[in-house]
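A short worksheet on the structure shown next.
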2 protein chains.
Amino acid sequence: MSNSFVLKGCIAFSDSSKSIVTFNKGYVVSVDGVCQGAFPDLPERYNNLPLVDYGNKLIIPGMTDLHVHAPQYTFRGIGMDKELLDWLNIYTFPEEAKYSDMDYATKAYTYFSEDLRRCFTTRAVVFATIHNDATIELMNQLEKTGVITYVGKVNMDRNGGKNLEEENAQTSLQATIQWLDEIEGKYKNTKPIITPRFIPSCSDELMKGLGALSKERGLRIQSHLSENKSEIAWVQELVPQSSCYANAYEMFDAMGSKEYPTIMAHCVYSDRLEMQILKKHGVFIAHCADSNMNLTSGIAPVRRFLDLGINVGLGTDVSAGSSLNMVKTMLITLQASKMYYRLVDTDVKPLTFEEVFYLATEGGGKYFGKVGSFKAGYDFDAVVIDDSKMFSMRDMSVRERIERMCYNDADAIIKDKYVQGNRIFTKIE
Amino acid sequence: MSNSFVLKGCIAFSDSSKSIVTFNKGYVVSVDGVCQGAFPDLPERYNNLPLVDYGNKLIIPGMTDLHVHAPQYTFRGIGMDKELLDWLNIYTFPEEAKYSDMDYATKAYTYFSEDLRRCFTTRAVVFATIHNDATIELMNQLEKTGVITYVGKVNMDRNGGKNLEEENAQTSLQATIQWLDEIEGKYKNTKPIITPRFIPSCSDELMKGLGALSKERGLRIQSHLSENKSEIAWVQELVPQSSCYANAYEMFDAMGSKEYPTIMAHCVYSDRLEMQILKKHGVFIAHCADSNMNLTSGIAPVRRFLDLGINVGLGTDVSAGSSLNMVKTMLITLQASKMYYRLVDTDVKPLTFEEVFYLATEGGGKYFGKVGSFKAGYDFDAVVIDDSKMFSMRDMSVRERIERMCYNDADAIIKDKYVQGNRIFTKIE
């Protein structure tokens, strides 16, 4: 199948953060992997393209998982009674240390990559571990899935505990350069991203070196910000001259720019000052509601980010988030936002379904360019969904069906998945 | 298959609200539908019973859904942007009014009953609608599933809106008596329960009549309590002489007794005074975290209920809760409890996984007697689960596997389900 075609089905996509366009038995067109738009009736000029009729199935844009830790997928759903710093030390760091063993890494990443291929995600920004070889193995595997990703070899030269600490800033930087050189030009779908774990894991010297490296090579950065109060207090001790956690990253030149935006996961406790810093640099916030509830971190004020015009997408944050399923993440995002309104601040209205659908598709997709919608000129990333397991007593609108799907992810079966017009997954009936 | 047998597999059950007993490749024994206990090695005296070897599959007690609205299953996952009173008027009441049409009711309840048969639930306490015929149709269907239930014809003589209001207290009471007479002695698994929707739906006269009827016939009562602040304020207006919402029910003799315990769903805003009333009467609280988040109601202080020795179980509250899946409800219960601790009151520690597993099994099961555990003398209700879709890189303990299942409900496949030793569901491979 070429990547020029027409899909017919029940289509839904965001045309802004506040509204969803739907066509019942409508058409969406890909030419050379670029979306030409969606239509209630097929424009004559596309009559010669091959057409796949998906009948009553839903067709929505692919979703972007803006924050996911591949090596943690092995222990998803375990140890969720801990808060962040204990959880890292007891579960996460010992598990990540195992990825020095290439047999282990190869097998574990095979499961992760295969499950990523099968879920709603068409784009992802991924943490690996500190290990170059395992990171390259992960990139090799992800490249084959067809999902488009950024992948980071993680940097940690302090506080990693046994077998998960690089010797010092210099060896960590050298390893990073080696990794970058080794993968140079190797992949079509898989890009490197500079990945200081978070400030407690990286000395000032390492942070500065990574900031400089990202500028020198025109590479983006991803990290974690203001997830948990104990973590924030620790950062204030570690970088006493910073005015806030975000400012600490800023001092090390790690906040990126509009051209090379940094992703910061969480931002649960970002205040006005921190939000201004995020906005100034064009940072993308990866909002990880599932993770933030599981680790008892709290709830990020997403409505405030949006009102300020800060870029926001959603992250599963596997395995503090327990599932790669972005649709389940949407549900938890909605519930978290309602509880923020009810329990924290009634001035911060809950996110609407429209807004959460936008965040899962175009909000995060924007990090990759024109991605996450069926507007003309966007990359053709799409997921085709069979929701017939959820019976209905009447004709439901497409809008109702996608809301119902969000609340019943287990009954939404992915039939086909396309990235840039390439079908990368199809369900065997 | 008789209901005397041995099951072999990876067994987990609560022996108290704080601890889970597990046996990897252990045995659990049913004799005439009564559990004889679970064992690491099979006691010789059971050697002559037929044995089903489930290999590496999980075997856990069946779960009790203490609060679910059968007629609302048709619109699960839709309209979740509303709060309680709007949601009732815009979505719920118009939908429930449709159950005056028996064709509609028969078809809708077929879907509900079939999905209930297939989920983790072995016991349920169910709201129907105000309609006698449709309620009896629901009971007929539920009886066939093998799930053991209480089902209530709903009483509403005010504020139901178009086509969902009984004429007055007398006609509502008469209809209830008619319904009770008609089903007398008809079912083995399906019991009636008196079901005033909530105080705003029932006049003082109706409430008093239902209280008296429950005493007269030795029937239990279920209703809603302190779910939403606007609802609570409304009840205070409607019953101005009450000291709190629970006291209003008490005044109408609707709070039951230890022998005939009332179920009150929600109790999100129950304060110390209200908790004392609940405890005094031996009320079961149906905690519905999914619903309470979806309708932006808030989070109930479950830890406080448990500390006071109040009975608590979990309810899906379909369709303010969107799924019949009790395992998903467990996850949301954990997340809600963590957010209550983090955002409302750090004196109220989050529920542990052990506690939530207990609530889903024995906590709610207690409402039905000795139900919800594999202790000797308990009814033999069990669910056999294939969790092999969730790969593992090492041998996981049974305790780890049931926690992982809770966070990944979509990947936990029910293989078989038993109620009182009868296999009522088996998955066709």
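The values are calculated or read from the model by the stated rules, or taken from the named source; none is laboratory data. Please read these numbers as outputs of a predicted model, since none were measured by experiment. A quick note on method: Cβ atoms are made from the backbone with ideal geometry, for glycine too, and the neighbour counts reach across all protein chains shown. Ligands, DNA and RNA are excluded from the accessible area calculation, which covers all protein heavy atoms including side chains. Shrake-Rupley method; radii C 1.70, N 1.55, O 1.52, S 1.80 Å.
If R₀ is 41 angstrom, what is the calculated FRET efficiency for the pair A:Asn56 and B:Glu167, using the beta carbon separation as r and rounding to 0.05? The partial results should precede the final answer.
Values: r = 42 Å, r/R0 = 1.02.
The formula returns an efficiency of 0.45 here.
Between helix A:204-217 and chain A there is an angle of about 40 degrees, using the helix long axis and the longest principal axis of the Cα atoms. With the contact rule set at Cα under 8 Å and sequence spacing of 6 or more, what percent relative contact order holds for chain A? Relative CO of chain A lands at 22 percent.
Ordering of A:319-327, B:295-303, A:13-21 by packing is A:319-327, B:295-303, A:13-21, highest average first (other Cβ atoms within 10 Å, averaged per residue). The residues of the protein assembly as shown have, on average, 33 Å² of accessible surface per residue, using a 1.4 Å probe with all protein chains present.
For the pair A:Lys188 and A:Asp347 in one chain, pulling the backbone fully straight at 0.36 nm per residue adds 52.7 nm over the alpha carbon distance.
Mind checking the dipole of segment B:282-429: about its Cα centre, +1 per Lys or Arg Cβ, -1 per Asp or Glu Cβ, Debye to the nearest 20? Don't jump to the answer; show the numbers that get you there.
Values: 18 positive and 19 negative charges, 16 e Å.
In total the dipole reaches around 80 debye.
Taking amide hydrogens as placed 1.01 Å from N in the peptide plane, the amide H of B:Phe380 sits under 5 Å from those of B:Val34, B:Cys35, B:Gln420, B:Gly421, each at least 5 positions away in sequence or on another chain. Couplings 3J(HN,Hα) of segment A:365-379, computed from phi: x, 3, 4, 9, x, 7, 9, x, 8, 9, 5, 4, x, 7, 4 Hz, in residue order, whole Hz [Karplus 6.51 cos²θ - 1.76 cosθ + 1.60, θ = phi - 60°; x for Gly and Pro].
For the B and A pair, go ahead and give the buried accessible area with a 1.4 Å probe, both sides summed, in Å² to 100.
Between B and A, the summed buried area is about 4400 Å².
Relative contact order for segment A:234-383: 17 percent, from Cα pairs under 8 Å spaced at least 6 residues apart, divided by residue count. In segment A:57-80, the residues whose accessible area drops by at least 20 square angstrom when the other protein chains are added to the isolated chain are A:Thr74, A:Arg76, A:Gly77, A:Ile78, A:Met80; the probe is 1.4 Å and only protein heavy atoms count. Solvent-free Debye calculation, one equal scatterer per alpha-carbon of the protein assembly as shown: log10 I(q)/I(0) at 0.06 Å⁻¹ equals -0.40.
In a reduced charge model with +1 at each Lys and Arg Cβ and -1 at each Asp and Glu Cβ, chain A shows a dipole moment near 1180 debye about its Cα centre.
In deg cm²/dmol and to the nearest 500, what is the mean residue ellipticity at 222 nm of chain A if only DSSP H runs of at least 4 residues count, each as -39500 (n - 2.57), divided by the residue total?
Working: 14 runs with 138 residues, N = 429.
Rounded to the nearest 500, the figure is -9500 deg cm²/dmol.
I'd like the GluC sites (Glu not before Pro) in segment A:171-236 restricted to DSSP loop residues with at most 16 other Cβ atoms within 10 Å, sorted by number. Each step should come with its number before you reach the end.
Values: sites: A:Glu182, A:Glu184, A:Glu205, A:Glu216, A:Glu227, A:Glu231; in loops: A:Glu184, A:Glu227.
Taking segment A:171-236 and a limit of 16 other Cβ atoms within 10 Å, the loop GluC sites (Glu not before Pro) found are A:Glu184.
Per-residue mean of other chain beta-carbon atoms within 10 angstrom of the beta-carbon, peptide B:108-115?
Numbers: counts 3, 0, 1, 4, 1, 0, 1, 4.
The mean count of partner-chain Cβ atoms within 10 Å per residue comes to 2.
Remark: mean inter-chain Cβ contacts per residue of A:286-299 equal 3, using a 10 Å Cβ-Cβ cutoff to other protein chain atoms.
Residues whose amide H comes within less than 5 Å of that of B:Val312, counting only those at least five positions distant or on another chain, are B:Ile285 (H built at 1.01 Å from N in the peptide plane).
Could you state the angle between the C-alpha long axis of helix A:102-118 and the longest principal axis of the C-alpha atoms of chain A, as a value from 0 to 90 degrees rounded to the nearest 10? Between the helix axis and the principal axis of chain A, the angle is about 30 degrees.
Residue-wise HN-Hα couplings along segment B:177-185, as the Karplus relation 6.51 cos²θ - 1.76 cosθ + 1.60 with θ = phi - 60° gives them from phi, are 5, 4, 4, 4, 5, 5, 9, 3, x Hz; Gly and Pro carry x.
Can you give me the orientation-averaged projected area of the convex hull built on the Cα atoms of chain B, in nm²?
On the way: hull surface 80.1 nm².
The directionally averaged projection comes out at 20.0 nm².
3J(HN,Hα) along segment B:87-95: 4, 4, 6, 7, 10, 6, 4, x, 5 Hz, from the Karplus curve 6.51 cos²θ - 1.76 cosθ + 1.60 with θ = phi - 60°, whole Hz, x for Gly and Pro. Determine the residues within segment A:377-405 where the difference in accessible area between the chain on its own and the full set of protein chains amounts to at least 30 Å²; count protein heavy atoms only and use a 1.4 Å probe. Buried by 30 Å² or more upon assembly, which counts only protein chains, are A:Phe391, A:Met393, A:Arg394, A:Glu403, A:Arg404. Rolled with a 1.4 Å probe across the full set of protein chains, the surface gives A:Arg220 an accessible area near 40 Å².
Seen against the Cα atoms of chain B and their longest principal axis, helix B:229-238 is set at about 40 degrees. With point charges of +1 on the Cβ of Lys and Arg and -1 on the Cβ of Asp and Glu, referenced to the Cα centre of the protein assembly as shown, which listed residue (A:Thr352, A:Thr122, A:Ser257) lies farthest in the positive direction of the dipole? Most positive-ward Cα: A:Thr122. Residues of segment B:302-330 that lose at least 10 Å² of accessible area (1.4 Å probe, protein heavy atoms only) when the other protein chains are present, relative to their chain alone, are B:Ser322, B:Lys328. Solvent-accessible area assigned to carbon and sulfur over segment A:63-368 amounts to 47 percent, based on a 1.4 Å probe.
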